[in-house]
Amino acid sequence: MKTLAQILAFSLMVVGGYSWFSNSIPQLRAEPPSEESVSLEGMTMESFVALGQTIFEGKGTCPLCHNAVGHRAPLLVEAGSDGPPVAARAPSRLADGRYHGTASKPEEYLRESMVSPSAFVVEGFGKPGTGDSVSPMPDVSAGSIKLSPVEIDAVIAYMQSAAGVDITVPLPTEAVETAESAPADEGAVKDMGALAEKYECKLCHIVPGVDMAGEAPDMGPDLNGLKRYAKGAPDKLPLREYLRLSIVEPNRHVAQGFEPDTMPPDFADRMRVSELDLAVESLARAAEGGK
Amino acid sequence: MKPRNTLFTLARRVLAVSLVALIFAVNGGVAFAAEEAAVAPAGETAIAPVGQPAPVLTEESYPLLGGGSSRVKVWIVAQLHLFFAAFVLGVPIFVLVIEGIGMATGDKRYDAMAKEFIKISMVAFSFTATLGGILLFLLAMLYPDFTVYSLKIFRPILIAYALLFFGESLCLYIYYYGWEAMSSGFGKWVHLTVGLLLNAAGMTLMVLSNSWATFMMAPSGVTPDGAFLGDVWAVMHGPLWNPINLHRFIANIAYGGSIVGAYAAYKFLTAKAPEEKAHYDWMGYTANFIAVVGLLPLPFAGYWLTKELYAYSQQMGITLMGGIFAWLFIIQALLIGAIFLGANYYLWLGLVRVPGGEAYRKAIGWMATVLLVCFLVWFTPHTIIMTSSEIKALGGAHHPVLGALGVMSAKNTAVNIMILTTFLAFLLYQRAGKIPKVGWARGGNAALAALFAAGAANIVTLGIYGYYIPANIRIGLSVPQVFTTLFVIAAASLINGVMYRGASETGPTRWGDMPARSQYALFLLAVSFTWLMGLMGYVRSGIRQHWHVYTVFRDYSPDAFTPTLGYAANVVSVTVLIFMAMVIFIFWLDNFSRKKAAHK
Ligand code: HEM
């Protein structure tokens, strides 16, 4: 028994030592890149360039390879052993005998470099064994980076601005955005009153912050009562999580004193994403004691 | 014949059998493909997909089960399953070899030891199966869309997997329970054949399940949005499959050895009778030997894996070695350093039990110094990793930067020297207590010394040269370094073997005559190996970052973030502790059943 205790103590010490060491080194937690599309409202060229820089350093992961430490890829936004910043050296790439892409303007070269990197491989940086004919750089419009065309334009604008050359990419227009996002959000209501009307929450619930026109329906619980969840909802869910689930899967947790299968189960299909967000946010605020 | 004399023979046979099994492992999947289908990496194909694209999910698509993070639940259970699986795969490999040696030498002790080893893995086998069941259940509960997606692709493999598992259980039961019944004459051959079948089934199981993990890391056989193209072989035969097959295969043997070593150490420490002590000392020595034989080629397999990883995606490679996971390799270095030092320490102490071993004890100080220096070189790579704020400043939170493989030159050098030093420790142990009869013994010793010196010099020179050439050429330098190491090992074994043939001995090995602290080196080995496996299992999955299947199936769950290394290490520690508790339970069961048997 004593031996066993000694062995255990020894093993615990070893395991604890490894854990301690691992906790003593720099700690970094990485959030997944956001998938939200950028809002183009009120975009100026300056903010477009700033957006480009954010994407360049974040979602685009460009400095992972393009940095001064690793010598894994040529520098892009600063001058160095690879020449002036890339937007300034682009014309010389197009004039290079090895160039076999389809770009004719520097801006097009930059875009091509990002989406089909092998069109021109900077000398010495190709995949090993391919004689600089295949680039190790991924297509940034696909794979794990997956930038949208607007995001790619923003990065180009940033590279051009960093090189001090004229910014030739056009500012994205509202038309581009609405064309992309309209179908998803067509006819979405913008306030809780309209929402409670449109989806008839008012028929069953007293909805906080909404004009009930003197009615006090009791088919479903009074949603003012959600206040009791502000500190922790059933199933230990965060409040917003719980509300979202209560709306899209009403039978998941049936409020006390009410019948299951009363609340329509198909809101998930009928409501727009933005509407669901609106309802959740509005109810959560009310529960937390806001307006 | 003395066990010590046969150990090098054993090493040769372990290697030979490993090679055969390996060839089998690498080709194992061929049975599933009528023709050699071309590897179709995601996106480079015109074939129309037969499957649906990977689904786009929301946080609500991930059901919750009780409190706590779903990822951690699956993580712990998967890792426990892997620990046991690795153990029950590794043990039968060397049990078969040891049984064969027992048969060839007629030494009954080998046979008894082989049976004792396999007995330990019996209970472990049912734990493996149970944990696998729990894992599948958890995946289906917590990650239903992902589970359905992968099952659709891997359906035919799963059927094979289930059948193989059944076959493996059958072989294992016959192998163990039929041990006595088939213990002589033709029966023994049948028994060996069952053992071979057991290993064949086990290896095939392993390579099949490896393909699930490698598909998630580097998908092939699907379109860029994850739709299955219809050819399972192309899915399995992804760019990382064979490197992982090899690395795991070797690691499993080493791992199995280390756990059995801990078992022997425990028995040694609790044994009262001298014969018992001698038996478990010998068992511990053999197990440690197996662990080290497995350990020596592991770094090479690791580097091959790294190389293929860079070739598959430079982005992934840099994220691993120079990005957010860079510090993880410092932890890895610490663990591997502990393993190498522990194994050597055990060997050095072992010189006590060999009469005449004292002569070599002077060398220990030097060897320890060399190991320590190598360890430090490896531990502190030349492009020292930055603090987290520097990382953030350079590359944003998810993809910080480092001069990645720039450090590899130094690291490779250190590893190769460490391997040579460990091999030297074995060589000395092998020579201890023996006096060569051949006339050229002096010349032979000089040749051996020159061989080691030249080998070390060559490795170090190549390492230094590495700093003067570009990174993408540098990686190629590891090849001549590895060949130098392998050459020295082969040539030295040969010279030494011939030189000591028919050597006279100064006295018998005093098995059982070992200080207690030597046994703690065996525990250190087992715990560190387990922890290392947990850590590397984490990085294998962590490298996918916010993807279920890298680049094709995004992780939309609340757990899609990459946790800090400290957090990951704590999960690994908890998992290792659970594993240890389960293993102690198995050992206890074993003792318990013996006591019962003794009573009767
Ligand atoms: C001295 C060198 C090394 C040793 C002793 C070593 C040891 C191990 C061990 C014991 C395992 C667990 C095996 C299993 O799960 O069956 C493992 C897994 C792994 N190793 Fe290594 N390794 C070494 C070098 C490397 C290197 C250089 C890499 C490259 C990045 C690497 C990458 C991995 C990965 C990704 C796994 C996870 C495999 C999996 O479980 O799916 N290893 N290693």
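The values are calculated or read from the model by the stated rules, or taken from the named source; none is laboratory data. Note that this is a predicted model, so its numbers are computed, not measured. No Cβ is skipped: glycine too gets one built from the backbone with ideal geometry, and neighbour counts run over all protein chains shown.
Observations
- Within the range B:508-533, the residues that satisfy the criterion of being more than 12 Å from the ligand (Cβ to nearest atom) and assigned to a helix (DSSP H, G or I) are B:Ala516, B:Arg517, B:Ser518, B:Gln519, B:Tyr520, B:Ala521, B:Leu522, B:Phe523, B:Leu524, B:Val527.
- Considering residues of the range B:151-180 that are in contact with a helix residue (DSSP H, G or I) (Cβ under 8 Å, 6 or more places away or on another chain) and of a type in the set (A, V, I, L, M) only, the residue farthest from B:Met206 (Cα to Cα): B:Ile174
- Verdict on B:Lys307 being free of Cβ contacts under 8 Å to residues at least 24 places away in the same chain, more than 8 Å from the ligand (Cβ to nearest atom) and more than 15 Å from the chain's Cα centre (by Cα): no
- Yes/no for B:Gly195 being within 16 Å of the ligand (Cβ to nearest atom), under 28 Å from the mean Cα position of the chain (by Cα) and small (Gly, Ala, Ser): no
- Count of the range B:101-130 residues, restricted to those that are more than 14 Å from B:Tyr176 (Cα to Cα), touching a Leu at 6+ places or on another chain (Cβ under 8 Å) and surrounded by fewer than 21 Cβ atoms within 10 Å (Cβ to Cβ), is 1.
- Any hit, the range B:233-247, residues being within 14 Å of chain A (Cβ to nearest Cβ) and at negative phi: yes
- Residue that is nearest to the other protein chains (Cβ to nearest Cβ) [pool: residues in the range B:334-367 that are modelled with pLDDT under 80 and buried (at least 18 other Cβ atoms within 10 Å of the Cβ)]: B:Gly357
- Selection over the range B:212-251 of residues that are over 17 Å from the mean Cα position of the chain (by Cα), part of a helix (DSSP H, G or I) and within 16 Å of the ligand (Cβ to nearest atom) gives a count of 5.
- Within the range B:266-285, being surrounded by fewer than 23 Cβ atoms within 10 Å (Cβ to Cβ) and out of contact with any Lys or Arg (no Cβ under 6 Å at 6 or more places or on another chain) holds for B:Lys267, B:Leu269, B:Thr270, B:Lys272, B:Ala273, B:Pro274, B:Glu275, B:Glu276, B:Lys277, B:Ala278, B:His279, B:Trp282.
- Residue list for the range B:563-590, restricted to those being at pLDDT 90 or above and aromatic (Phe, Trp, Tyr): B:Tyr567, B:Phe579
- Among the conditions (1) more than 12 Å from the ligand (Cβ to nearest atom); (2) more than 20 Å from B:Ser518 (Cβ to Cβ); (3) of a type outside the set (Lys, Arg); (4) more than 14 Å from chain A (Cβ to nearest Cβ), the only one that B:Met283 does not satisfy is (2).
- Number of the condition not met by B:Thr45 [criteria: (1) modelled with pLDDT of 85 or more; (2) closer than 21 Å to B:Ser150 by Cα; (3) of a type in the set (Val, Ile, Thr)]: (1)
- Any hit, the range B:179-199, residues being within 30 Å of B:Phe340 (Cα to Cα) and touching a residue at least 12 places away in the same chain (Cβ under 8 Å): yes
- Selection of the range B:140-192 for residues being of a type in the set (S, T, N, Q) and part of a helix (DSSP H, G or I) yields B:Thr147, B:Ser150, B:Ser169.
- For the range B:534-546, the set of residues classified as within 14 Å of the ligand (Cβ to nearest atom) and of a type outside the set (D, E, K, R) consists of B:Gly534, B:Leu535, B:Met536, B:Gly537, B:Tyr538, B:Val539, B:Ser541, B:Gly542, B:Ile543, listed by residue number.
- Remark: pairs (first residue in the range B:332-347, polar (S, T, N, Q); second residue part of a helix (DSSP H, G or I) and modelled with pLDDT of 85 or more; Cβ separation under 6 Å; 6+ apart in sequence or on different chains) = B:Asn344/B:Thr422; B:Asn344/B:Ala425.
- Scanning the range A:1-60 for residues that are of a type in the set (Val, Ile, Thr), in contact with a Phe, Trp or Tyr (Cβ under 7 Å, 6 or more places away or on another chain) and at the interface with chain B (Cβ under 8 Å from one of its Cβ atoms) yields A:Ile7, A:Val15, A:Ile25.
- Failed criterion for A:Asp132 (all others in (1) within 14 Å of chain B (Cβ to nearest Cβ); (2) surrounded by 15 or more Cβ atoms within 10 Å (Cβ to Cβ); (3) touching a Ser or Thr at 6+ places or on another chain (Cβ under 8 Å); (4) more than 30 Å from A:Glu41 (Cα to Cα) hold): (3)
- Of note, A:Ala87 satisfies the criterion of being under 18 Å from A:Glu151 (Cβ atoms) and of a type outside the set (Val, Ile, Thr).
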